[in-house]
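The values are calculated or read from the model by the stated rules, or taken from the named source; none is laboratory data. From a predicted model like this one, the values you see are computed outputs, not experimental measurements. Note: ideal-geometry Cβ built from the backbone for every residue, glycine included; neighbour counts use all protein chains shown.
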Amino acid sequence: MRKAPAPQTVKNAAAEQLSRLIVQGMLEKKAQDIVVLDLRQVKNAVADFFVLCSGTSDTQLDAISDSIEETVYKARRENPWQREGKLGKEWILLDYGDCVVHIFKKNRRQFYGLEQLWGDAPMTFIDDNGQESLTPIVPVAVGPQGMQ
């Protein structure tokens, strides 16, 4: 007879699935510089995952936020526990408990440097096609300087 999975294992799987849904919502609205920080092994972390991305305009930040909420709700019938920053449109935060979403304008993201602040956490970088990498994704130079 097979044992039921331990509650922590189920919780971790659910949080990981939620982080993937969040990334899917980000990709649908062409979010940039998507990074998933796995905080499960970081002492005193407030969530299991932080999912960060950048946008270039107020309109795009709103669209990304709305897309994440729609994607998660369709898959899990779950709304964020807390929403912050929708009016200021510099840094929108969606708190799903196990996953906290940070949607930044580029300059704000650099200013706050969450990736450096939570540097102990393993990071997964997501490219524009949804491919994962453990190293930062650097745009390829295009034009006369980048061609050989």
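A few remarks follow.
- Scope segment 20-67; condition small (Gly, Ala, Ser) and more than 26 Å from LEU87 (Cβ to Cβ); matching residues: ALA45
- Sole residue being assigned to a loop (DSSP other than H, G, I, E, B), of a type in the set (Asp, Glu) and farther than 16 Å from LEU18 by Cα, chosen from ASP128, ASP33: ASP128
- Of the numbered criteria (1) in contact with an Asp or Glu (Cβ under 9 Å, 6 or more places away or on another chain); (2) part of a helix (DSSP H, G or I); (3) surrounded by fewer than 17 Cβ atoms within 10 Å (Cβ to Cβ), the one ARG109 fails is (3).
- The selection criterion, being over 26 Å from THR135 (Cα atoms), at pLDDT 95 or above and small (Gly, Ala, Ser), holds for ALA63.
- When ALA75, ALA63 are checked against the criterion of being touching a helix residue (DSSP H, G or I) at 6+ places or on another chain (Cβ under 8 Å) and among the aliphatic types (A, V, I, L, M), a single residue qualifies: ALA75.
- Contact map, segment 119-137: residues that are under 12 Å from LEU37 (Cα atoms) paired with residues that are of a type in the set (Val, Ile, Thr) and in a loop (DSSP other than H, G, I, E, B), Cβ distance under 6 Å, separation 6+ or inter-chain. Pairs shown: ASP120/VAL42; ALA121/VAL42; PHE125/ILE137.
- Qualifying residues in segment 40-60 (those that are among the β-branched types (Val, Ile, Thr) and in a loop (DSSP other than H, G, I, E, B)) - the one surrounded by the most Cβ atoms within 10 Å (Cβ to Cβ): VAL42
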